[in-house]
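The values are calculated or read from the model by the stated rules, or taken from the named source; none is laboratory data. On a predicted model such as this, the values are computed, not experimentally measured, just so you know. Neighbour counts are summed over all protein chains in view; Cβ atoms, including those assigned to glycine, are modelled from backbone coordinates with ideal geometry.
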Amino acid sequence: MKIADILNVKGRVVHTAVPWTTVAEAVNRLNKLGIGALVSCDQDRKICGIISERDIMRGLGKYGPALLDMKIDEVMTHHVVTTTPDESIASAMAQMTRGRHRHLPVVQHGALIGMVSIGDLVKNRVKEMELETGVLRDALISRY
């Protein structure tokens, strides 16, 4: 299975924010949307960074309450690891594990077309394992 298969099920909506968004605004959007990260893009939707719950917690530890008035550009992760729709789910999971990333923006021909989380990938893998278990059980039962 490929990343595109997950996007076909979950959709391709990516919540973004401009780099000059305040951390307070980002926190409100994350809470309102029930998500863990926003991709920061410029006016042309070119990825500038990603602001995640982890970035916010680290910023809170470093800057205290003043963090809320800062721009996300000051605390977000600037080096964003991305994937493509053609990448295998297993490869994306390995990449996320190695880099300790919880979110991977999906890019095709330089354009942001979706985002997957580690939860999306694990959910997909569990479904695959359930299917494999069912097939093996049915094969075993049919032998008797």
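Looking only at region 42-73, filter to residues that are in a helix (DSSP H, G or I) and touching a residue at least 24 places away in the same chain (Cβ under 8 Å); which one of those is surrounded by the fewest Cβ atoms within 10 Å (Cβ to Cβ)?
Taking region 42-73 as the starting set, the residues that turn out to be in a helix (DSSP H, G or I) are 53-69, 72-73.
If we keep only those that are touching a residue at least 24 places away in the same chain (Cβ under 8 Å) too, we end up with 54, 56, 59, 67-69, 72-73.
On the way: R54: 15, I56: 20, G59: 20, L67: 21, L68: 17, D69: 10, I72: 26, D73: 17.
So the residue we want is D69.
Picking from residues in region 92-107 that are in contact with a strand residue (DSSP E or B) (Cβ under 8 Å, 6 or more places away or on another chain), not in a strand (DSSP E or B) and not basic (K, R), the one that is surrounded by the fewest Cβ atoms within 10 Å (Cβ to Cβ) is Q95.
Can you name every residue in region 74-91 that is assigned to a strand (DSSP E or B) and either closer than 24 Å to M129 by Cα or out of contact with any strand residue (DSSP E or B) (no Cβ under 8 Å at 6 or more places or on another chain) (or both)?
Restricting attention to region 74-91, the residues satisfying the condition of being assigned to a strand (DSSP E or B) are 77, 83, 88.
T83, S88 - these are the residues of region 74-91 that are assigned to a strand (DSSP E or B) and either closer than 24 Å to M129 by Cα or out of contact with any strand residue (DSSP E or B) (no Cβ under 8 Å at 6 or more places or on another chain) (or both).
The set of residues from region 13-41 being in a strand (DSSP E or B) and aliphatic (A, V, I, L, M) comprises A17, A37, L38, V39. Would you say M1 is under 19 Å from K123 (Cα atoms) and surrounded by fewer than 16 Cβ atoms within 10 Å (Cβ to Cβ)? Yes, satisfied. If we scan region 49-57, do we find a residue that is closer than 17 Å to V107 by Cβ and not aliphatic (A, V, I, L, M)? Scanning region 49-57, I find at least one residue that is closer than 17 Å to V107 by Cβ and not aliphatic (A, V, I, L, M), so the answer is yes.
Here T84 clears all of (1) among the polar types (S, T, N, Q); (2) free of Cβ contacts under 8 Å to residues at least 60 places away in the same chain; (3) surrounded by 11 or more Cβ atoms within 10 Å (Cβ to Cβ); (4) out of contact with any Ser or Thr (no Cβ under 9 Å at 6 or more places or on another chain) except the condition numbered (2). The residues in region 108-144 that are in contact (Cβ under 8 Å) with a residue 40 or more places away in the chain and in a helix (DSSP H, G or I) can be counted, and the count is 4.
Please verify whether I118 is among the β-branched types (V, I, T), closer than 13 Å to I3 by Cβ and modelled with pLDDT under 95, treating the condition exactly as stated. Against the criterion (among the β-branched types (V, I, T), closer than 13 Å to I3 by Cβ and modelled with pLDDT under 95), I118 qualifies.
Among all positions in region 61-82, there is no residue which is among the small types (G, A, S), closer than 29 Å to R125 by Cβ and modelled with pLDDT of 95 or more. Within region 130-144, does at least one residue satisfy the condition of being farther than 21 Å from W20 by Cβ, crowded, with 17+ Cβ neighbours inside 10 Å and acidic (D, E)? Within region 130-144, not a single residue is farther than 21 Å from W20 by Cβ, crowded, with 17+ Cβ neighbours inside 10 Å and acidic (D, E). If a residue has to be surrounded by 13 or more Cβ atoms within 10 Å (Cβ to Cβ) and either under 16 Å from P105 (Cα atoms) or touching a residue at least 60 places away in the same chain (Cβ under 8 Å) (or both) to count, how many in region 6-29 make the cut? Residues meeting the conditions: 9.
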